[in-house]
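Q: Submitted below is the structure of interest, expressed as structure tokens.
The values are calculated or read from the model by the stated rules, or taken from the named source; none is laboratory data. Only a predicted model underlies this, so the values are computations on that prediction, with no experimental measurement involved. No Cβ is skipped: glycine too gets one built from the backbone with ideal geometry, and neighbour counts run over all protein chains shown. Side chains included, ligands, DNA and RNA excluded: accessible areas come from the protein's heavy atoms. Shrake-Rupley method; radii C 1.70, N 1.55, O 1.52, S 1.80 Å.
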Amino acid sequence: MGNSAGALTADPVTGTEMIFAEVLADLVRVEQVPVDSHFFDDLGADSLVMAHFCARVRKRPDLPSVSMGDIYRNPTLRSLAAALAPAEPAVADAPVRSVADAKVGAAEMPTVVLVKPAAPGEVAAPVRTREYIVCGALQLLFFLGYAWAAALVGARAYEWISAGSGLRDVYLRSVLFGGVGFIVVCTIPILAKWLLIGRWKPRQIRIWSLTYLRFWIVRTLVRSNPLAFLTLGSPLYVLYLRALGAKIGPGTVIFSHNVPVCTDLLTIGPDSLIRKDAFFSCYRAHQGWIQTGPVTLGRKVFVGEKSVLDINTSMGDVTQLGHASSLHSGQQVPVGERWHGSPAQRTELNYARVTWARRRGTPRRLRFSAVTLFYVFFLYLPLVEGGVFLLLTAVPALGKVLDPNMGAITSPKLYTDALGLSFAVVFGLLLAGLIVVASVPRLLSLFITPCTVYPLYGFHDRIRRAVARMTGLKFFTHLFGDSSFIVYYLRWIGYDLGEIEQTGSNFGTEVGHETPYLSRIGSGTMVADGLSLMNADFSSTSFRVSPVSIGGHNFLGNNIAYPAGGRTGENCLLATKVMIPLDGKIREGVGLLGSPPFEIPRSVERDSRFDHLSTGDELRRRLRAKNWYNLRTIGVFLLGRWLHVFLVTVLALAAFDAYGGYGQIEMGVLFALSVLITPVYFVLVERGMRGFRRLEPRYCSIYDPYFWRHERLWKVPGEAYLKMFDGTPFKNLIWRGLGVRIGKRVFDDGCYLTERTLTTIGDDVVLNAGSKVQCHSQEDGTFKSDRTMIGSGCTIGVGAMVHYGVTMGDRSVLLPDSFLMKGEEIPQHARWGGNPAREM
């Protein structure tokens, strides 16, 4: 009956249970652990403690491997040992197995999906420091040349447009030059792709080689093409991808802003739909290589929001991949099947909530495309170019900067005018923007009836796009987020927040939606960052907008796509990167984790340590102090943005001052500096806010002044500028300047590090696009942070997320769209994947 672990049960204790109990007793610091005690309810453990338990168990060769998914599904030592008892030792050459349990609380064995293993003989590419340096130098030369050309053309454009007589002539010249310039800029990426690459084929390219340089140039141009932004989700965007070599059938609609690069390897059948934030680039970075491979989709395929399609994946006709899901390399969805999860497995759930109607032919799409181009040529471009002309005409001191004999760069008048101009741009647009986002979209929304199906590319679709674009400006959520003021801004633009229970951290800085007027969030709910409210459902021919309702007293972690019809109610914990269930009972009073989701405890005893600070007079006192601190942070944010615009304005005007004669090279250098000053500026801003000190791991209340200082680091420094340096050695210089302990020759294709000074990255690490290393967590009113260490030669896949307190051993791999939970330890050379991640 008894044993060294003190199990109080009538059944005999097995050897595995006994060892489990000894390991756990050491972690929770008790003498005995009953094998029938609940990890969270009885022992008071939390997910971090259990992650350390899993890591210790995996180091024991006499014990089966344990993952956090196993812990949550089997929350006692007895049930855990029983669930793992049939497990066989892993065979090195066996197919990789992805295990996920789609049924919440199900007692049966989870579904097993076979995934084709990586190609045999994968060896890390040799990385040479000389190639790394040469590649960076050539990338810089390319950037300087492009900047010089852009500055030269812009100066000549101003000369020619300003020579017009009267507003009518100025407008016509703006239309002509803007139209020609737009066509040229849109054509250059297409020509560069065919001249530098030809046709993409499945291959491996060694990172930092000269071949990689050609890849980087094409990738940068293809993704910076104006067509990739102005025509997203329209037939023009599909035409652009076809011009790049993609094989896309008629009627296909693509809403994702993640532009595919290796387009010859992309095949999409007719009438398919790809939703926002999906990755299907047809390449990935892996252990020193750029690996290209096909992505093949049949006809009437549905790909959900925030999903990832790795290379060498395919989906048959009339198939679906759910939201927050992924296909790992080698996975194939058979004809007519629906899959979801990460990695995906079969499901009966229907994600295509709007019926695929009969295609209405090309006239509607042609009209939509023609109107879009009309707006671009005759409205957007003339407004920009003509606005610059009018500005320089209205401010005489600025108009003289194109005269090289005036010496404007040395004139104090130029700096005072630049101050006024930058102040008007920042604060004038701020006030005008607040008025516009609260009024114009509200009027436009009257033309759309909720739950009514409308055709794509018609009048109502144009209205939907305008509402989403105007109310989705990230500047304002970044300005007001992580403070009490965000709830008033969201109400200002149309959110229904019920009776607000102010916490001072009700929402983070990233909140997205399709329409704010159908977005409802209950009282007392707190949202971290990266929430996307999916008010709209689509097919390749139609759409409808529907209410999205999140219950009260919830807590939502990071990077969550919440669809209309989500089956969660009151008092839920929705963990980071969780897939929101769309079937079954309404979950209340529980936590949900993973993709597909399974239930976990809503909270644990450790997280209630600061509950006394969340009520009564103590809450009011601390909330008042936090509000004043956050208000100062907003002031610092605006001051920092204004000063940055001022510096860029001065350098840009100085560049135009150098125009003419032999000053063209100087003009190009100054114009490039107006861009390159951005990372230097924000590095100094962030280091200055930290007092040039490093962060330390903390566990505290959100009403602790330390958290307010930490929170400020998420808001004030910019982050959009980092994308300019993806895939270059200069990204590593910026990370190092921001305090990251980063090794040599790291390849960063678009990763984001939230806590720079808590992150350590080894040599030759590969960080893929859309990946994130986050060294903190906030659950309700509790804040936690810890260091994360990524060993040398590691690879973090596309869209993967690494949490705090994590250690990745040298040469380990985290597969695409995976979520590596807090406290996990990956051994050297291991291969992990899934949400939550486990050994594959």
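Q: Of the residues Ser505, Ser540, which single one is touching a Pro at 6+ places or on another chain (Cβ under 9 Å) and in a loop (DSSP other than H, G, I, E, B)?
A: Just a single option satisfies the conditions, and that option is Ser540.
Q: List the pairs whose first member sits in region 26-44 and is open to solvent by less than 40 Å² (accessible area, probe 1.4 Å), whose second member is of a type in the set (Phe, Trp, Tyr), and whose Cβ atoms are under 6 Å apart, counting only residues at least 6 apart or on separate chains?
A: Listed pairs, sorted by first residue: Leu27/Phe53.
Q: Still on this structure, I have one more. Just name the residue that is farthest from Gly640 (Cα to Cα) out of those in region 441-455 that are of a type in the set (A, V, I, L, M) and open to solvent by 60 Å² or more (accessible area, probe 1.4 Å).
A: Ranking the qualifying residues of region 441-455, first place goes to Val453.
Q: Moving to a separate point now. For region 197-224, which residues satisfy the criterion of being farther than 24 Å from Leu236 by Cα and open to solvent by 20 Å² or more (accessible area, probe 1.4 Å)?
A: Once the filter is applied, which keeps residues that are farther than 24 Å from Leu236 by Cα and open to solvent by 20 Å² or more (accessible area, probe 1.4 Å), region 197-224 yields Lys201, Pro202, Arg203, Gln204, Arg206, Leu210, Thr211, Leu213, Arg214.
Q: Follow-up question, since we're still on this one. If Ile500 passes every condition in (1) over 17 Å from the mean Cα position of the chain (by Cα); (2) aliphatic (A, V, I, L, M); (3) under 24 Å from Ser47 (Cα atoms); (4) open to solvent by 10 Å² or more (accessible area, probe 1.4 Å) but one, which one does it miss?
A: Single failed check for Ile500: (3).
Q: Any idea which of Leu241, Leu236 is under 29 Å from Phe302 (Cβ atoms) and modelled with pLDDT under 95?
A: Leu236
Q: Any idea which of Arg520, Arg567 is under 25 Å from Gly341 (Cα atoms) and basic (Lys, Arg)?
A: Values: Arg520 fails: under 25 Å from Gly341 (Cα atoms).
Exactly one of Arg520, Arg567 is under 25 Å from Gly341 (Cα atoms) and basic (Lys, Arg), namely Arg567.
Q: Here's something else I'd like to know. Restricting region 10-63 to residues that are touching a Gly at 6+ places or on another chain (Cβ under 7 Å) and under 20 Å from Ala82 (Cβ atoms), which is modelled with the lowest pLDDT?
A: So the residue we want is Val33.
Q: Could I ask something else about it? Would you say Gly245 is small (Gly, Ala, Ser), surrounded by 23 or more Cβ atoms within 10 Å (Cβ to Cβ) and either farther than 26 Å from Gly322 by Cα or more than 26 Å from the chain's Cα centre (by Cα) (or both)? Let's see the steps before the verdict.
A: Numbers: small (Gly, Ala, Ser): yes; surrounded by 23 or more Cβ atoms within 10 Å (Cβ to Cβ): no; either farther than 26 Å from Gly322 by Cα or more than 26 Å from the chain's Cα centre (by Cα) (or both): yes.
When the stated conditions are applied, Gly245 does not pass them.
Q: Name the residue that is surrounded by the most Cβ atoms within 10 Å (Cβ to Cβ), counting only residues in region 225-236 that are small (Gly, Ala, Ser) and assigned to a loop (DSSP other than H, G, I, E, B).
A: Only one residue fits best here, namely Ser234.
Q: If you go through region 202-218, how many residues are touching a Gly at 6+ places or on another chain (Cβ under 7 Å) and within 17 Å of Gly750 (Cβ to Cβ)? Give the steps one after another, and end with the answer.
A: Going residue by residue through region 202-218, those that are touching a Gly at 6+ places or on another chain (Cβ under 7 Å) are 202, 206-207, 216.
Filter once more, so that each one left must be within 17 Å of Gly750 (Cβ to Cβ): 207, 216.
Total meeting the criteria: 2.
Q: Mind counting the residues in region 203-224 that are more than 22 Å from the chain's Cα centre (by Cα), assigned to a helix (DSSP H, G or I) and basic (Lys, Arg)?
A: 1
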